[in-house]
Every structure is written in structure tokens, then in C-alpha cells.
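What follows draws every value from the coordinates through simple rules; no lab data is involved. All values reported here derive from a predicted model rather than from experimental measurement. For neighbour counting, all protein chains shown are included, and Cβ atoms are generated from backbone atoms with ideal geometry for every residue, glycine included.
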Amino acid sequence: MLRRVLRLASGRALVARALSTRRGGSTPDRDGKVSEIKKKIQSILPGEPWNPLYDTSHLPPERSDVVIVGGGVLGLSVAYWLKKLENRRGAIQVLVVERDHTYSQASTALSIGGIRQQFSLPENIQLSLFSANFLRNINEYLAVVDAPPLDLQFNPLGYLLLASEKGAATMESNVKVQRQEGAKVCLMSPEQLQNKFPWINTKGVALASYGMENEGWFDPWCLLQGLRRKVQSMGVLFCQGEVTRFISSSSHMKTTSGKEVTLKRIYEVHVKMDHSMEYQPVECALVINAAGAWSGQVAELAGIGKGPPGTLQGTRLPVEPRKRYVYLWHCPQGPGLEAPLVTDMSGAYFRREGLGNNYLGGLSPIEEEEPDPGNLEVDYDFFQDKVWPPLAQRVPAFETLKVRSAWAGYYDYNTFDQNGVVGPHPLVVNMYFAAGFSGHGLQQAPGVGRAVAEMVLEGHFQTIDLSPFLFSRFYLGEKIQEHVII
Amino acid sequence: MAAPRTSLRLVAAIWSTRGIHGRGGAATPEGSQKKGKTLLQFLSDRFYDVEFLREYFLQRQMLKVHQKNRSFTHMVEQYGPYIVGACFILDQGGMVKFQNNDWIGPKERGRFALEFSKFQEVSVEAVDASGCAINYEGLDNLLLLRNLQSLSLRHCPHVDDWCLSRLYPLASSLQELSLAGCPHISERGLACLHHLPNLRKLDISDLPAVSNPGLTQILMEEMLPNCEILGASWAQGLNVEPEEQPQDKASPVHV
Ligand SMILES: Cc1cc2nc3c(=O)[nH]c(=O)nc-3n(C[C@H](O)[C@H](O)[C@H](O)COP(=O)(O)OP(=O)(O)OC[C@H]3O[C@@H](n4cnc5c(N)ncnc54)[C@H](O)[C@@H]3O)c2cc1C
């Protein structure tokens with residue numbers, strides 16, 4: 001009897017799905033219900049395999065081909081692409097270790113969800129274009145049978161960057177690069193700007209660049225959950241716990257010039273379980289460091305940076321948490337529906353949040369005034385003293401506003417050149433990085449995940465050449481500066 | 001990962017009922033049903049669980065939409081942008097109106113094909129793509145029609161906010177736009193229409209994804225002061241009409 005119900009349920013769902021896609025409309029309610037019923041029935045059917053190993057929230061498996069440290073958007077994206085690009089279904093086992101499944105401190109959940117192509121480096125522009133394409137087709141990439149479609153809540157309103165006399169030339173050359181890479185960005189004179197957005201005070205503005213397509217903001221939580229749901233359906237395992245130790249073997253080698261090098265290979269990851277002193281060792285072939293703002297610490301656990309200064313062994317992963325505030329305010333006379341994400345030349349930015357004349361924004365402090373990253377408390381004086389004055393000058397309507405709330409999050413800040421680190425470590429040969437994106441990691445996650453997966457599976461970058469982002473640049477001292485950091 | 005056993009059972013379940021075909025088309029003749037079954041059997045040999053099979057079908061559906069929206073732009077050099085844009089719309093099942101000409105629908109396609117050369121220099125002034133499967137990629141072809149004045153995308157299932165952010169190349173000419181009944185358009189995409197300052201008439205009624213239709217309409221009116229915006233209230237008015245009509249007919253005053 002039960003089986004017949006099950007049959008019915010699954011058969012119906014198939015028909016419903018086929019029809020709904022053909023019509024183009026979707027029936028989330030029904031699909032959701034069907035999968036719910038199916039799950040219920042499955043759980044009470046006798047003879048179900050009960051296997052504690054698969055109960056992912058408790059213990060991790062004893063071995064996994066790949067262990068990903070950090071279940072934020074970058075870690076999940078790497079997991080997704082590893083499974084997507086594997087040449088046979090189930091070829092690689094992937095385990096994601098995340099210490100906090102509520103993501104209370106993860107940058108992904110605390111970011112403001114912006115995506116733009118207005119960067120100075122071609123690689124960053126390409127990554128962001130790739131991501132825009134991914135996000136546009138998110139319900140194809142992350143489609144899960146029976147699950148309702150994702151609502152990314154993308155606001156395609158663009159970024160508006162302002163430049164003073166001094167910055168105008170740089171802006172112009174950046175836009176040239178952006179256009180070459182295929183981004184749709186236009187330049188505006190102060191007069192054009194005034195015409196387009198009458199609520200802006202153009203005093204001091206020499207030039208503005210404005211993204212026409214593929215720029216705006218979306219719900220980062222939706223992307224995170226969508227990835228999570230998808231990779232789970234692809235067989236990726238999750239475990240809640242903290243990676244506290246790597247056990248590695250080393251082999252000594254000589255280079256052609258006769259120098260001794262020690263190559264390390266991690267073969268075991270210790271995962272400390274939540275609320276206990278116990279740990280579980282997980283045998284692995286490969287570790288992905290996607291621990292966001294904490295990826296520097298995770299690298300240190302593998303011995304990266306522990307060596308004489310000036311050597312490759314002694315070169316740290318220069319990624320550290322930097323606290324950034326986001327304020328939410330209400331302003332009845334503020335910019336209307338058409339308002340893009342505006343970034344003033346002072347660095348202060350704002351965007352609309354919803355329809356009720358609410359706005360959010362912030363500003364990155366100067367190096368000397370970096371707040372203590374020990375906690376995520378908000379400094380309201382920072383808004384009063386640093387953020388509000390330039391914003392009120394730029395948008396006179398903001399002279400009267402009311403701060404409603406605020407939060408703080410960590411930038412995964414690369415102190416060396418504010419760019420991501422992608423690919424393997426030259427000495428700890430099976431640790432791969434996907435970290436250090438310094439405040440633009442969310443929008444680049446889809447492309448970065450793919451690049452790392454290609455590196456793992458093919459040994460080289462295929463879709464986008466990210467070799468400038470390799471770790472070795474820290475040792476060689478080759479900065480690849482990104483000029484447009486917000 | 002715990003799926004294999006359950007899924008295998010699911011496969012069996014689907015094969016043993018008349019399943020997919022029995023329910024999909026009630027009047028399927030016996031012969032084609034057999035054919036369908038062997039195909040499914042073949043697939044089930046290759047894809048080991050039914051979830052995967054269903055995902056495969058899902059992907060196929062999506063691919064179809066992509067194919068319908070493939071780019072025609074390589075033909076522009078030979079035929080000119082207007083012919084190519086018009087062909088795309090007709091292919092989709094929509095209608096086009098060349099300047100100083102009558103509407104051409106999919107039925108008149110043959111005649112249109114014979115008179116290609118006549119239209120080469122004439123621009124398209126109106127497109128009615130109601131209910132078409134046009135999506136973001138397909139807009140490539142539509143955007144060839146640079147002098148387009150009126151565009152109807154009513155009830156297009158694949159037109160979404162991303163699409164609206166791409167209409168700005170039509171800014172100088174577009175005066176009328178109808179988006180009524182598009183299931184995926186929200187206030188976030190509508191906000192992009194500020195790029196179309198020449199709009200005189202905009203229909204945004206019956207958009208289920210707009211979270212606050214009343215407020216959205218007010219904000220849209222603020223954003224596009226020269227444009228007449230048909231929104232929620234208008235749609236309600238329409239709904240009332242058919243109900244009122246019979247009453248009117250019944251009343252003796254109304255002849
Ligand atoms: C205020 C703010 C605004 C931002 N705005 C934007 C924006 O507009 N656009 C954009 O693209 N980006 C933005 N960012 C940046 C973006 O959020 C990050 O670059 C991105 O989320 C990084 O993703 P991640 O997965 O590496 O990090 P996270 O999301 O932080 O994930 C890392 C995870 O690793 C886990 N972890 C760490 N150490 C361990 C360990 N030892 N064991 C187990 N788990 C561990 C953590 O719990 C965490 O969940 C913003 C960031 C902030 C703070």
C-alpha cells in the first residue's frame with residue numbers, strides 16, 4: 001500500500017515537472033509538497049538502510065578524497081564544480097567541513113551581495129562576467145529535481161562609480177579594459193550624471209562610470225543555500241566541526257640548482273567535533289582551504305609561513321579578517337527606484353534596500369584606523385564621523401536620515417594586493433586555496449570554484465586563466481594590484 | 001549517498017505502472033507506448049537512478065528553450081537587421097509590423113519569405129511577442145530592431161528581470177511596452193526601465209512576482225513621469241467588466 005503511494009507520488013512529480021517546464025511557469029508549492037510526502041514515506045518504510053556514516057551532521061567519514069575547509073560560498077562553489085566536472089558520477093568523494101552551520105560570522109551571510117564588472121584587472125572582470133552568467137542561469141546550474149526554483153532577488157541596477165579630477169584618467173583606462181573584456185560600462189560627464197540622477201550633487205565629480213548590464217546586487221543567502229542544496233543532491237557530504245590539525249608526510253628533494261626543498265603532503269585532517277574535545281581524523285588526498293577570513297590561520301595549521309623569513313617556507317598566506325560595518329538607514333526623500341549602487345570617491349557607498357526608502361551603505365576605513373577584528377560589534381560613531389558626511393554631501397537628501405540598524409562582517413582581506421589566492425601551494429602540494437578575495441569574493445565564487453576544480457582535475461586553468469592569482473606571487477613579491485576596491 | 005537502494009525501487013515503481021505515458025497523454029496508442037517504454041528502458045540502463053533520469057529530462061527542457069533562442073545575428077550581413085529580427089519573432093510564433101505595412105503573423109510567413117527584398121530597407125515599428133518563449137539570449141535578435149516603437153512581451157514565461165535590464169538599446173525609439181502577465185518580472189527589473197525615457201505607455205498589470213504592486217506602481221510613476229502606467233487597478237477593472245456585462249444586457253434600458 002505504502003509503495004503504491006510512493007509510486008504515485010514520484011510518477012506525478014515527474015509529470016508535473018515536465019509540464020511546468022514546458023509551460024515555463026513553475027509550481028513550487030506542488031513540487032515542494034511532493035518531495036515532502038516522498039521524504040515522509042521514505043522515512044517510515046521498513047528496510048531502509050540506516051547508516052550512521054551518512055548522518056552527516058554528526059561524524060565525518062573516515063576518508064574522503066577531497067576535504068574542503070569552510071562551507072561558505074567559495075567552499076561550496078569548489079564542491080559544486082568538482083562534482084560537476086568529475087568524469088564519472090560519484091568518482092570523487094567530497095567532504096565540506098564547516099564549524100558553524102548557522103554561518104553567524106561567515107562573510108557570505110554578512111555581505112551586501114553586490115556584483116560588478118568595474119574592476120581594473122582583466123581576471124577580476126572575467127570572473128565577474130562568468131558569475132553573472134552563472135547567476136542568470138542559476139536555476140539551470142543549481143536545479144534540483146522536486147525542489148522549488150531559487151529566487152535570487154537580483155536587482156540589475158548597476159554600480160555608479162564617481163571619480164575626481166585626479167582619478168578620472170585611471171577610471172577611463174579601467175573602463176577601456178572593462179569594455180575590452182565585454183562588460184557594458186558607460187562613462188558619464190558631470191552634466192550627464194546630473195541629468196540622469198538629479199538627486200546627486202556633482203560637485204567635485206570629474207567623471208562617472210556606470211554599469212548597464214550584469215551589475216547590481218542579489219541575496220547572498222539564496223546563492224549559499226542553492227549551492228548547498230545542489231551539492232548535497234550531488235552526493236557531497238557535510239560535517240559540522242572545526243579543522244584543527246593537518247598531519248602530513250614530507251619528502252626531501254633537490255632542485256636542479258642543488259637547493260634542498262621539502263615537499264609536504266597532507267594525508268590526514270583532524271576535525272574537532274562541536275561541543276566536545278573529541279576529534280575525528282579524516283584521511284584525504286587533497287585539502288581545499290576556503291576558510292574565508294580565517295584561511296590564513298588554516299594555512300598556518302599546515303605549516304605554511306613557518307620557516308626562515310624570505311624563503312618560500314617562511315611565506316605566509318597574507319589573509320586576515322578585517323571588520324567592515326554596514327549601516328541601514330531610512331530617508332523619506334532619498335533617491336528613487338532607479339538608484340544604482342553609488343560609490344563616492346571618498347570610498348563611501350550606498351544602495352537602496354527594498355522599496356520603503358531604506359538604504360544601506362558603509363565605508364572601508366583607512367589602514368591606520370582599522371577596528372579591532374576581535375568581535376563583530378558595531379561602532380555607530382564611525383557612521384556619524386566618517387560615512388555620513390561624504391554621503392550627505394553627495395546626496396543632499398541624506399542630510400536628514402535615520403539610522404535604523406547596522407551589522408559588521410569580516411572582509412577576507414589580502415593585505416598583500418587585495419586579490420584572491422587560487423590554486424595549489426608550491427610546497428604543501430595538496431593544499432589548494434580559494435581565499436583572500438578582499439570584499440569581492442561572493443560575486444566571484446562561481447568562477448573561482450570552477451578554476452580550482454579545473455586545477456584539481458586537469459592540472460591547469462581552462463575557462464579563465466587565473467595564474468596571476470597563484471600563491472607564488474607572495475614569495476616573488478609580484479603584486480597584482482586591483483585598483484577598484486570598495 | 002544513501003539514495004541507491006531507494007532510487008532503484010523508484011525506478012522499478014515507474015516502470016511497473018503505466019507511469020509516465022499513461023498519465024501524460026491519456027490517448028496514447030498501444031504501439032507508441034511500447035516504443036516509449038523501450039526508450040525509457042534504454043535510459044534506465046544508462047542512468048542508474050531515476051532522480052538522474054528526471055534531471056536529464058529537466059535539462060532537456062531547458063536546452064529546448066535555449067535552442068529556440070539561439071542567435072540569428074550571423075545572418076545580419078546578408079539580410080539586414082530588420083529581416084533577421086522579424087524572422088526570429090515569427091519563428092517564435094509572434095507577430096511583427098513593418099513601417100507602413102500590416103501585421104505579419106506566423107501564418108503569413110511564407111508570403112513574407114517571398115517578399116524579403118521588399119522589406120530589407122523598411123524598419124520594424126512594432127512587435128507582438130505575446131506568449132513567446134523568448135529569453136535573455138533571444139533578446140540579441142530582438143535588439144536588432146533599433147527603431148522599434150512598440151513591444152509586447154505579455155505572458156512570456158522566460159522574460160525576467162535580467163531581460164528588462166537589457167532593453168536600454170531601444171531607449172531612443174521605444175514608446176509602448178507591455179509586460180503584463182510575465183511570471184518572472186519583479187519590481188527589481190521594473191526599476192531598470194528608467195533607461196527608457198521615451199516610454200509613453202507601460203503595462204505592468206498582473207505580475208505575480210511583484211511583491212507590492214500598489215507601491216511599485218506609484219514609484220514607477222515617479223520614475224517615469226511622462227509615461228502612462230497601467231497597473232494593478234487597471235487589471236482589476238478588466239476583471240470586473242465581464243461580470244458586469246451580462247447584468248447590463250439583462251437590464252431593459254440597455255439595448
Ligand atoms: C560587509 C561586507 C560586504 C561585502 N560585500 C560584498 C559584495 O558586495 N560583493 C562581493 O562579491 N563580496 C562582498 N563581500 C565579500 C564576500 O562576502 C566574501 O569575499 C565571501 O563571502 C568569501 O566567501 P568564503 O566562502 O571564502 O568565506 P566565508 O563565507 O566567511 O566562509 C568561510 C567559512 O569557513 C569556516 N571556517 C573557518 N575556519 C574553519 C576551520 N578551521 N574549520 C572549519 N570551518 C572553518 C567559517 O565558519 C566560515 O563559515 C562582503 C563582505 C563583507 C564583510
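Before moving on, here are some points about what is shown:
- Highest-first arrangement of B:102-109, A:227-234, B:167-174, A:192-199, where packing means the average Cβ count within 10 Å: A:227-234, B:167-174, A:192-199, B:102-109
- Rg over Rh, two decimals, the range A:193-349 (C-alpha only, Kirkwood Rh): 1.13
- Between A:H252 and A:E458, the FRET efficiency estimated from the beta carbon spacing at R0 = 35 angstrom works out to 0.80.
- Neighbouring partner chain Cβ atoms per residue of A:150-156, average, 10 Å criterion: 5
- Neighbour-count ranking [beta-carbon atoms within 10 angstrom, fewest first] of A:K402, A:K83: A:K402, A:K83
- Across the range B:72-230, the mean sequence separation of Cα contacts (distance under 8 Å, 6 or more residues apart), normalised by length, yields a relative contact order of 17 percent.
- Hull volume in cubic angstrom per residue (convex hull over the Cα atoms of the range B:62-213): 105
- Remark: relative contact order (the range A:295-358) = 23 percent; criterion is Cα-Cα distance under 8 angstrom and separation of 6 or more residues.
- Among the helices of chain A, those built from whole DSSP H runs whose Cα atoms reach 15 Å or more along their own axis and whose mean Kyte-Doolittle hydropathy is at least 0.5 are A:73-85.
- When only Cα pairs below 8 angstrom with a gap of at least 6 residues are kept, chain A shows a relative contact order of 20 percent.
- Dipole of the range B:72-230, positive direction: furthest Cα of B:L196, B:L139, B:M223, with charges on the beta-carbon: B:L139
- Test item: A:335-342 mean partner chain Cβ contacts at 10 Å: 4
- The calculated P(r) of chain A, using every Cα pair and 10 Å bins from 0, goes 4, 18, 27, 25, 17, 8, 2, 0 in percent.
- Across the range B:77-88, rounded Karplus estimates of 3J(HN,Hα) from the backbone phi angles (6.51 cos²θ - 1.76 cosθ + 1.60, θ = phi - 60°) give 4, 6, 10, x, x, 5, 4, 5, x, 5, 4, 4 Hz, Gly and Pro being marked x.
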